[in-house]
Structure formats: C-alpha cells, structure tokens
Number of protein chains: 8
Amino acid sequence: MSGIIKAKGGRSMAFRVYLSGEIHTDWRDRIRDGAAGLGIDFDGPVTDHGNSDDCGVAILGAEDDKFWHDHKGAKLNAIRTRKGIAEADVVVVRFGDKYKQWNAAFDAGYAAALGKSLIILQPEEHDHALKEVDAAALAVARTPEQVVQLLAYVITGTLPG
Amino acid sequence: MSGIIKAKGGRSMAFRVYLSGEIHTDWRDRIRDGAAGLGIDFDGPVTDHGNSDDCGVAILGAEDDKFWHDHKGAKLNAIRTRKGIAEADVVVVRFGDKYKQWNAAFDAGYAAALGKSLIILQPEEHDHALKEVDAAALAVARTPEQVVQLLAYVITGTLPG
Amino acid sequence: MSGIIKAKGGRSMAFRVYLSGEIHTDWRDRIRDGAAGLGIDFDGPVTDHGNSDDCGVAILGAEDDKFWHDHKGAKLNAIRTRKGIAEADVVVVRFGDKYKQWNAAFDAGYAAALGKSLIILQPEEHDHALKEVDAAALAVARTPEQVVQLLAYVITGTLPG
Amino acid sequence: MSGIIKAKGGRSMAFRVYLSGEIHTDWRDRIRDGAAGLGIDFDGPVTDHGNSDDCGVAILGAEDDKFWHDHKGAKLNAIRTRKGIAEADVVVVRFGDKYKQWNAAFDAGYAAALGKSLIILQPEEHDHALKEVDAAALAVARTPEQVVQLLAYVITGTLPG
Amino acid sequence: MSGIIKAKGGRSMAFRVYLSGEIHTDWRDRIRDGAAGLGIDFDGPVTDHGNSDDCGVAILGAEDDKFWHDHKGAKLNAIRTRKGIAEADVVVVRFGDKYKQWNAAFDAGYAAALGKSLIILQPEEHDHALKEVDAAALAVARTPEQVVQLLAYVITGTLPG
Amino acid sequence: MSGIIKAKGGRSMAFRVYLSGEIHTDWRDRIRDGAAGLGIDFDGPVTDHGNSDDCGVAILGAEDDKFWHDHKGAKLNAIRTRKGIAEADVVVVRFGDKYKQWNAAFDAGYAAALGKSLIILQPEEHDHALKEVDAAALAVARTPEQVVQLLAYVITGTLPG
Amino acid sequence: MSGIIKAKGGRSMAFRVYLSGEIHTDWRDRIRDGAAGLGIDFDGPVTDHGNSDDCGVAILGAEDDKFWHDHKGAKLNAIRTRKGIAEADVVVVRFGDKYKQWNAAFDAGYAAALGKSLIILQPEEHDHALKEVDAAALAVARTPEQVVQLLAYVITGTLPG
Amino acid sequence: MSGIIKAKGGRSMAFRVYLSGEIHTDWRDRIRDGAAGLGIDFDGPVTDHGNSDDCGVAILGAEDDKFWHDHKGAKLNAIRTRKGIAEADVVVVRFGDKYKQWNAAFDAGYAAALGKSLIILQPEEHDHALKEVDAAALAVARTPEQVVQLLAYVITGTLPG
C-alpha cells in the first residue's frame, strides 16, 4: 500500500524520463511497456543506427572526410539529445556489453552537471569501470524491470510484490 | 472582500505547494481539504513510513550493512522530493513533537537556497531551535488552518472571517 | 496591417504581464479591458489596501509593535508578488501622483535584475526622479492606452489607427 | 524508416523554433509550410518592415531625432524578440544577400549565449564572413527545405527520400 | 568576546559592501570611518549630484529633450551601479528625509532579486512606506553606527560595549 | 606517494571549507590544526553562543517578544553563514549528541541545493535519522581526523599511513 | 570634481573591459592609451588577421574544404573570445566602415544575453542598421576618446574639461 | 608575429586548464612542460591509480562489498574533479588506447553542460566512437604538442614555426 494516496489524494506527479545509451536491445520498450499507466513522458535519441550516423550528410550534403561526415551528423543529433536531457526529470543511462559507449557516459556527465536525477542501468561486470558515473547517480539498476519498479515507487509510493 | 477580484477579473493564480516534514499526523489532509477550491497542486514525499525506509533494498537488492540499506532508500526518495521542491512555488515545512526531523530542516534549507517561498508550521516550543529556519521563511504558522488561510489570501486576496 | 500574420500564420504568442504599482485608480482595468482578445494572462498584487496591510496579523496573530505588524503582512504579500514577477514576460510598473511608492520602484528593480521586459507608466512630472528606473525599461508610457497599444503591437504586429 | 517510432511509440517531441533574420523573401513560409504536421511552434519577429521601424513613435509619441525614433522602436521589438529566443529550443538565423543584417548576427550571439541550438541558413558566398557565427551553430543549411528536413529528422528520426 | 577567534584563528572573512541611496549627508563617511580596520571593500555610486545628472550629455553630446538628457546619464551611471551591486556581499540602502528616492528602492529590489544580503537604513517615519522593502532585508537599522556594529559583528563576532 | 605531484608539479589546489554545525566541542580546532599546511581557507559561523543569540537586539534594539528577539539575531547571522556557504568548495556539517541542530541540517540542505561538496560528520547513532542528509553528501565521516585525511587526500593525493 | 572621492576614499573600482570588433584601425590602442592610469584590465581577440584566419589548420592540420578550414580556426578563436567576454564588466563593440562585421554583432548579442554592460562605438551612418544592437547598449559612442571619457567617469566620477 | 601584442600591450590572459582522462602515459607532463611560460594554472585528478581506487576505504573504513568500496572512493575523488572542472576555462580530455574510460567521457559531458571550452585529445581510431563528444568540443587534437600550440595561440596569438 502506498503512502502517496494519503499524501496526494490519488493524483500522481508527472515525470519526464530520458532514456540514453545502448540502442541494440529492447530495454527502452521494456521500460516503456512496464511503466504504462504511470503517466510518464519518455524521450530518447534517434535509435535507428544508420539514420543517426548519416543524417548530417543526407540532409546537408556529402563530405569527403569521414571526420566531418560524423561531425555533421553528431551535431544534428545533439539538437534532439540536449533538449531531451535538459527537459527530463530523470535520465536513465544504459550501458551494454559492447562498443565504447562514450556517448552514454557523456550524456551521464551532461545530465549530472544539470542536476538531473540519474539512474544507471548496467551489468555487474562494469561496476568498477563505471564507479565515477555511479557516484553521481541516485540509483544503479541491473534490469529494465528494476527501473520500472523504481519509477513506480517514486511516482505512486507503491513497492513491488 | 478581496482585492483580487478587482485586480484579476476573477481568475486566480495557479500555485504549486510542496508539503514537507512530519508524516505521523493528518496535517497534510487538513491543508488539502481546507484548500479545496483554490486550484492548488499539492505535492509531497512518500508518506508510508515503511515503504519510504525500505524502498531501496526492496527494488535494488538487500544490503547487509544498515547504512547502505538506508542510503539506497534515501536516494530513491530524493528523486521525488527534489523534483517536488524544485517545481513548487511555496514549500511548507512542518516540524512536529517527536524525532530528529533533520530531513525537514534539510528540505527547508534546500528550498531556501532555490529561492522558494517558505512557510514553517511549528509549535511555539520549537521557536528558539528553529530561529535560523524561520529567518529564511515568509511565514511561521501554528496550525494547518492558518496555512490554508495564508494560501487563500495569497491566491484570492480574501481574509478569514 | 500587421507583419505577424505573415510570420505566424495567424497564431499569436502567449504573454504573461504583471501589473505592479499604484492601486488607487482604475489603470489595471483599463489595460485589461483594452487588451481583451490578445490572449494575455495578467497578474498583479492584492489591490485591497486594507487586506494588504493587515493580512499578516489577521491570519498569524496580532502584534503589539506596528513594525512587526507591517512586516508579517509584507512577507505574506511577497509570496504572491515574487511569483507574479518571476513568471511574467513583461512587468508594467505604474507610478502615480501620491505616496512614496517605494514598493513599485522595488518591484521594478527586482524585475530588472531578473531580466524581465520592463514598461514604466508615469506622468511627465516624475521623469527626472525616475530616470534610473526608466534606464532599465524597454518603454516609458504616459497612459494605460499606450500600454495596450504596445502590447497589441508586440503580440500582433499591428499599429493603432 | 525512423528510429523514433521504436524509441517513442509514435509520439513526437514538441519543439519551439524561432525564425530570425532576413524579412524580404518567403523563407519563413517555406519552412512553416514544409514543416506542417511536425507539431512545431514557430515564432519570429514582426516582419512588416514599416511597422517594425515606426512602432515606437507611432505609440509613444514622435521624436525629432532619428536616433531616438529608431531607439524607441527597437526597444519595443526587443520585448517580442527576446521572449521568442528565450523560449525557443532551436533558433534559425537567415542571412540574405542584402543589407547589413547586424540584428540577425546579434540574435545569433544572443541565442548562443543562452545555449540554444542554432541553425544558420546562408548562401555560400557568406561562409567566410559568417565563420564565427557558424562555429557556434549545430548546422549550416543552404535552403529552407534543408531546415525542414533537419527539423523532421530531429523530431521523427526520418531522413528524406 | 568574539566567537570568531575560536572559529577562524583570528583571520576575518573579506566582505564587499555597496552603499546605495541618499547622497546629501555624510552617512557613507560615517560607515567607512567606523568600519576602518574590518577589511571591508566599500563601493557606491558617483555621489557628485551634478556630474551624475549631466555625465551622459557631457561625454556623448547634448540632447534637446530633457528626457533623453536624463536617459543618457542614467545609463552611464548604471554601468557603475550594477557592477557594484552584483559584486557586493551586502547592500546597504539608505532612505533619507527628502526626494522620491526611487533609485534607492530600485537598487534594493535589484539586490534582493540577486540574493544579496540587504540592510536598510531608514528613519522610523518611513517604516510603513518601506515595509515591502524591509520584508526583503536581513536588517533594518536607524543609524550608520548600527550598520558599523552589524558589520563588525558579522565579520568578527564581537558585540559593542 | 601521491599522484598529485605528477599531475600538478607540486602546486596544490586552493580550497575554501565551511565548517557548519555543533559549536560545543573543539572539532573545528582539530580540523583546522590537522589541516595546517594544506593551504585551506576555513570559514564558519560565529561560535560564541551568547553573542550569536543576542546580536540582533544588542545592536538593533530590544524586543519584548522572544520570537522577534531570536528573529533579529538569526537574520544577522544569516549575513555571515550564507556568504560562507556560497563561497565554499566544501561544506562540512557536524551533528553532535545534543540539541535539535536544525540549523545544521538547514545548512546542509542549503549547501546541497547550491551544488557544494558536502561532508557530514556524525556519530553512528544518528545514521538512520540523517539518511536523507547523507544521501546528498560525498562523504560521511566519524571523526574530525577523518575529515582532515579526506581534505589532505583531495588536495595532495596522499593517503594516511 | 568627482563624487567618487567622497564615496570611495580615493580607491577606484577595478574594471575588466573587452574590446570587440573592427581590427584594422588603431582604436584599441587609443582607448588603452587614453585609459592608462584607470587600472582597467583590457582584453580582446587576436587581432593579427592572418593568424586568426589560419590558426586552425596551422595547428590541427590542413583541410581541403575552405568551410572546414575556417571552421577549425573560428572555434579556436572562440576559446579566447568567450572567456574574454564572460569575464568582462564592460564590452565595447566597434563597427567600422568596411566588411560584414557579423562577428562584432554576434559578440554584442552574446554579451547582451550575459547581462554585460555594452558600449557600441559606431559612425552615424550605421545608426539605423545598428538600432537593435544599440537598444541593448548602455552607451553609443562616436570616438574612442568618448569611450575613454566614459570609462574615466564610471570609475572616478570625473567629467572631462 | 602575434596579434595579441597589439591588442594587449604584452600582457596575457590568465587561463585555468583542467587535464582529464587517461593516467598511464606522460601526456600531462608534456603539456605542462610545453606550456611553461604561458602562465597557465593546470589542474587534474589524482593520478596515482592505487590511491584513487582505495582512498574511500583507506580513510573512512573498509567495505565488504566491492561496489561500496568503489563508491566511497569515487565520491571522494569527485570533490576534487568537480571543483577542477568548474573552475577551468578549458577542459582537455584525453582518450587513450585502453580501458573503458567512461570517467573521461563523463567529465567531457559534465564540462560541456557547464559551457567550458572543450579540447579532446584522441587517436584517429577513436574518431567514430567519439563523434558525439567531439561535436561538443572546440578542438580535436592528436598530440599533446598540438594542445600546447593551441593554448599558446589562444593566449599569445602566435602560431608555431
């Protein structure tokens, strides 16, 4: 039984949650589906890998140099990601098994400096390497389902089970 | 008779009020019920004491050490309380008769540094101990009904009686 | 003919305007009535002089000392006025013929420090005494009707006549 | 195919876009028309050249000195332009073929200091002269249609063609 | 005996104090002289009344219209006063017996919005008219000597006598 | 052996540390003495209990009502404490065995909202009651000597022993 | 005779002034030389035109595309110019007779958004084109000597002649 | 020949530079040595790997759980790194060949959100993985010597060779 009913007369707070990081598994879907009914607005980056890489040259013209090809695309994506993080109450950053994922850690640092509530979703094997990131977080979760439970508790005061 | 009718053509300002502090009496209910009709959005912490204490380990896994048990829970609660305070126009902090209530005083300091309008609700016996907190407040009230009257005046310009 | 129609496809920007200062003439009504249809949200202080003076003691208990009587009331009023100014896009400050009106000048300074667009409404006889206030303003008007025309132009691009 | 559908369940982010600069061609219309359906709120300055120049004296009284004539008008326009830029997520600044266009560059600097996402729309011939402005931008486009494609990608994740 | 010696090992905090308001009596001298030895940096406006009124036209050229004559001067003075207030830890605002003194109240509001510690120096006869200003202050003093004692206490922990 | 020598060529960063809270034991002296040679600027409140309580009325005149007696004093002390916290890099807050110590928790909340690095110095018996405060801290220490070791490590990279 | 001597006991405020804009005449030298003795710290951009254009490729490697050649250089220069403007109390922006000078107007907008005191130095022929820039300024000067007199007045209270 | 001599009369701007990231090669020494004479204040993290990992438990007591062991240490290090980044004008982040280096990317994001001038030092092989980080930077360098040349140019206006 939740303490929010007493405190809030049944109405819940409205949260915006930005889902940053790994784009190759279905973790965003699992959080969104699990959190259905909590009234959360979810945002996130463009998760189509190809479009995300090529958007700059596809729209603004080709580049001979791969560095500028990447640069034009990364800047377009920044229009979306910075707004998404800046407007969020909570930023969830997921670190997966593969790739460098420096953009995920960059987003975490960016969110931390803006004072956002930070939740890191990571496998145990990365604990040591992520200790500085985790030190800035309000929660370190292992599964998308824990993130759902976290958000449900924060919004409704109800614990699982 | 209110001066707001003249100034506002009948429409009232929309306030968000965060109710911080003591969770063992019905003061939040008395303020919410008394202020019905003023169009105020009330927020507050999770007031289920048990859930509030155990949320961290219930969701993210048990801890052997009580310190980290508490730590994980307090951080989850911070996701809710910081958003609630940050979005409020007015933060009411209630100090009761029992317990240390350092989290209430912490919230008051947090709200003061953010420039929130602070109302302290306290019994006279605490006046000396709360003088630094009161010095940052715009009102010191003795009863929830005074808080209701305060909010009614601020929003509608009408005085009681 | 307005340039906004071309720029905006007919939709207007939504402004919040705070009306600060003199409370003894009908200038607020003239601005609100004149600006009907512009979609402006107007705010202002409690304009019932008696209630404004006595609100503190009426709600929180009498004071023997007139200084604290005034102090308690002025702080309650600050809950309303600071929110009103902080949320406004434009702050109009009216200086009339009588009284010290230091609260009006205080509001003007407060609004200026917050970077608000400031419009001063004043008779010519006060021009020299208000030169520092006017130096922080984007417009100095003589009549409420000019303020209406100003706001109409800013929102719709249309000039009078 | 867009990656946003996966990330967002079909709902799009809501952007505000301010269109600053050149007022003699139909570029604003082309962007607004092209972006119909993206749910963008567009703002911009008053684009009626005559009204924009004369608004100050038309409302607040004539000036003998052309400098103060211009000054009164420019300040009224600032009430609109500063709010428009301050509330925007994205500021598009268009540099055309003629005139000094210092107000466009001023708006770009103003937006950059506020941390807005800046898109510059300029012909190649101005590339060298605009290099400091471009260095603060997230995109440099050549046509209004590219701006539309940019915004469509940022909001929906979809690339043209 | 001061508690600062214990807390600070003899070294004092370094304060900047801005002295705003009335320029016709020797109150600034009395505070500066009384506070000699406290290591305070005092700032204030230009207090030569004539220079302060005419600086704009004397340097930038004459104006036919008195309004612009005043305007040019007030803006030049703002270069100094805003820096002085912005850099101060404490802003003392003195209200005297004569004149409108709206610039003093404007400075008080400006300082309050910046979160400065505000001390108001005023005769009792102005108490009611200054109640909104006093509500934002941390002290209301009657004499320059009280201001000196205040500053001495804040810096050294020592009380008079 | 420290890693700072390599990183800094021997020169140390300059820290300001504010020591808030309990004023009845010698913990401030032990930290200041222990940290001699680290180049730290220490600040703190007035620690003479009597002066701190009576400063308001001693300087600004007596009050019949104990509430206003306390109020005037608490506001004077705020001139010092807010500057001290605002300028600090690190705020150490000490909770002792006795008294309500709400001013200490208030300072902790105030410092947290300003983004200061917070160190809490507390006996184990208070761990549960301080969990919300500790959740905002970067370290929870048990002895003043640990605080010294912490500061020494942060500034020089050297560990004890 | 200055009013500052009375107000300040002979000591002057310390100003930082950033000199932005046109780099082909000796206006910076004339201001610096004229202001010798006022204790002003002057900053400005790199004024060697060739170095300023080529710095990016000279240090970080050549680019085939002129756009990226310019881009790399403009970003390096931004490291200097943004710090210079951000730290300045006063930003003087000079518009000359030639070139587009969009970087000057960009700097003016950037400084305005940061709340800097802005002085524009411009020939009369540019008055209409610069009206939006001038509307954000505290002074519009015609000669470097007027800027010197302005700064001398602001710092010492003394008028020329 | 530098343009700064003309602009600055020989005096250089004073920069603070924070050196973040990889701690296993001598890149910090090469930058510090190369930049000797430029008057730069360099900061950085504790670079003794062992001390950095163990500082938390060495000072505040052992932890059974490796997660909390790391957590206590990472928080202590944050006291130093956040101050270092917050006070820097320029943040250089070095990505090396090994390890996850998420703390480096976190620092880059943190610095970007604070508006710091960001220089990334990276081998070409990481260009694609770092494109989001580079998009927020003002320069991407390949060698410590290029960083030295960059800083020399920014401070003195002189190009190499």
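Residues in the range F:146-161 that are of a type in the set (A, V, I, L, M) and either under 17 Å from B:W102 (Cβ atoms) or open to solvent by 10 Å² or more (accessible area, probe 1.4 Å) (or both): F:V148, F:A152, F:L159. A:F42 fulfils the conditions (1) closer than 23 Å to D:I119 by Cβ; (2) under 14 Å from the mean Cα position of the chain (by Cα); (3) among the aromatic types (F, W, Y) except for a single criterion, (1). Checked against (1) open to solvent by 30 Å² or more (accessible area, probe 1.4 Å); (2) over 13 Å from the mean Cα position of the chain (by Cα), B:N103 passes all but condition (2). Filtering the range F:110-124 to residues that are touching a residue at least 24 places away in the same chain (Cβ under 8 Å) and either over 19 Å from H:C55 (Cα atoms) or open to solvent by 20 Å² or more (accessible area, probe 1.4 Å) (or both) leaves F:Y110, F:A111, F:A112, F:L114, F:K116, F:Q122, F:P123. Would you confirm, using the coordinates I've provided, whether H:H49 is open to solvent by 60 Å² or more (accessible area, probe 1.4 Å), closer than 29 Å to H:I119 by Cβ and modelled with pLDDT of 95 or more? Judged against the criteria, H:H49 is a match.
Residues in the range H:140-161 that are without any contact (Cβ under 8 Å) to a residue 12 or more places away in the chain and within 14 Å of chain A (Cβ to nearest Cβ): 0 in all. Annotation: of all residues in the range C:14-30 being of a type in the set (A, V, I, L, M, F, W, C) and within 11 Å of C:V90 (Cβ to Cβ), the one that is surrounded by the most Cβ atoms within 10 Å (Cβ to Cβ) is C:L19. If you go through the range E:61-71 and keep only what is over 29 Å from E:I119 (Cα atoms) and surrounded by 21 or more Cβ atoms within 10 Å (Cβ to Cβ), you end up with nothing. Screening the candidates C:R80, C:R94 for the property of being open to solvent by 30 Å² or more (accessible area, probe 1.4 Å), at pLDDT 95 or above and not aromatic (F, W, Y) yields one hit, C:R94.
Sub-6 Å Cβ pairs linking a first residue in the range F:31-56 that is under 14 Å from F:R80 (Cβ atoms) to a second residue that is of a type outside the set (A, V, I, L, M, F, W, C) and open to solvent by 60 Å² or more (accessible area, probe 1.4 Å), at least 6 apart or interchain, are F:T47/E:K6, ordered by first then second residue. Contact annotation: residue pairs with Cβ atoms under 7 Å, 6 or more positions apart or on different chains, pairing a residue in the range H:95-108 that is at positive phi with a partner that is outside any loop (DSSP other than H, G, I, E, B), are H:Q101/H:G21. What pairs come up if the first residue lies in the range D:127-139 and is without any contact (Cβ under 8 Å) to a residue 12 or more places away in the chain and within 17 Å of A:W68 (Cβ to Cβ), the second is open to solvent by less than 10 Å² (accessible area, probe 1.4 Å) and part of a helix (DSSP H, G or I), and their beta carbons are under 6 Å apart, counting only those six or more places apart or on different chains? Pairs that qualify, where the first residue is without any contact (Cβ under 8 Å) to a residue 12 or more places away in the chain and within 17 Å of A:W68 (Cβ to Cβ) and the partner is open to solvent by less than 10 Å² (accessible area, probe 1.4 Å) and part of a helix (DSSP H, G or I), are D:K131/G:D70; D:K131/G:A74; D:A135/G:A74; D:A135/G:A78. Could you grab me the full set of residues in the range A:1-21 that are at pLDDT 95 or above and of a type outside the set (F, W, Y)? Within the range A:1-21, A:R16, A:V17, A:L19, A:S20, A:G21 meet the criteria.
Against the list (1) open to solvent by less than 30 Å² (accessible area, probe 1.4 Å); (2) more than 22 Å from C:N103 (Cβ to Cβ), the condition E:A74 fails is (2). Of the strands (runs of 3 or more DSSP E) entirely within the range E:32-122, those holding at least 3 residues that are within 12 Å of chain G (Cβ to nearest Cβ) occupy E:41-43.
Taken over the range H:128-145, the criterion of being crowded, with 20+ Cβ neighbours inside 10 Å and either over 20 Å from G:A74 (Cα atoms) or out of contact with any strand residue (DSSP E or B) (no Cβ under 7 Å at 6 or more places or on another chain) (or both) is satisfied by H:L130, H:K131, H:E132, H:A135, H:P144.
Would you mind stating whether F:D43 is among the charged types (D, E, K, R), buried (at least 19 other Cβ atoms within 10 Å of the Cβ) and modelled with pLDDT of 95 or more?
yes
The values are calculated or read from the model by the stated rules, or taken from the named source; none is laboratory data. Note that this is a predicted model, so its numbers are computed, not measured. Neighbour counts are summed over all protein chains in view; Cβ atoms, including those assigned to glycine, are modelled from backbone coordinates with ideal geometry. In case anyone asks, the SASA skips ligands and DNA or RNA and just uses the protein heavy atoms, side chains included. Shrake-Rupley method; radii C 1.70, N 1.55, O 1.52, S 1.80 Å.
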